[in-house]
Amino acid sequence: MGLVDMKFSLALPCEELSVPVIRRVLGDALRGLGVSGDCIHDILVAASEACTNVVRHSSTREYEVTGHIDEETCVLSVIDHGDGLGPVARPAGGLAESGRGLDIMNSLMDDLSLTTTSDGVRVVLRKRLTWCDEALIRRLESELVRSAG
């Protein structure tokens, strides 16, 4: 196991107020670990888009966000146990405001997968992490202490 290995799972009500909660929890965790500001911004925007899609388009009362953060990657899953996205996922014509969330998520993350099953929709977002310089120094110091001990 590396120096960074964080996992979390949140069950949230399918309400607009849940989106800032995810941003706060995830942002605080990433900042606390020393992830760079630009990287945090990309992850938070993509996570917000995924959660907003569930809140706006799902028939479920609750949804789930799980995450795994290690030294290299942040992987988030947003799981909607409702009827799925239906026809709103990709409206015709690229100028429609609704439906741009998938494009935004795809542009900010290194990998995006969307799986629709009989149990709902799962969006998985993956981003290679970049670190603040101070965080790198702390990790190197920790490695030196362990190897000297």
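Derivation of every value follows stated rules applied to the coordinates shown; laboratory data play no part. Keep in mind that what you see is a predicted model, and the values were worked out from it rather than measured. Note: ideal-geometry Cβ built from the backbone for every residue, glycine included; neighbour counts use all protein chains shown.
If you count, for each residue, the other Cβ atoms within 10 Å and average over each peptide, how do 5-13, 47-55, 64-72, 119-127 line up from highest to lowest?
Highest-to-lowest ranking by the protection proxy: 47-55, 119-127, 64-72, 5-13.
Residue-wise, which Karplus ³J(HN,Hα) couplings in Hz belong to region 69-79, taking 6.51 cos²θ - 1.76 cosθ + 1.60, θ = phi - 60°, and x for glycine or proline?
Result, ordered by residue: 10, 10, 5, 10, 9, 10, 10, 10, 10, 10, 10 Hz.
How far is it, in nm, from the label point at L3 to the one at E16 when both lie 7 Å from their Cα along the line to the Cβ?
The answer from the label model is 4.2 nm.
For region 21-35, what does the Karplus curve 6.51 cos²θ - 1.76 cosθ + 1.60, with θ = phi - 60°, yield as ³J(HN,Hα) per residue in whole Hz, taken in order and with x for Gly and Pro?
5, 4, 4, 5, 4, 5, x, 4, 5, 5, 4, x, 7, x, 6
For region 101-110, take each phi angle, set θ = phi - 60°, evaluate the Karplus expression 6.51 cos²θ - 1.76 cosθ + 1.60, and give the result in whole Hz per residue in order, putting x for glycine and proline.
Values, residue by residue: x, 5, 5, 4, 4, 4, 6, 8, 9, 7 Hz.
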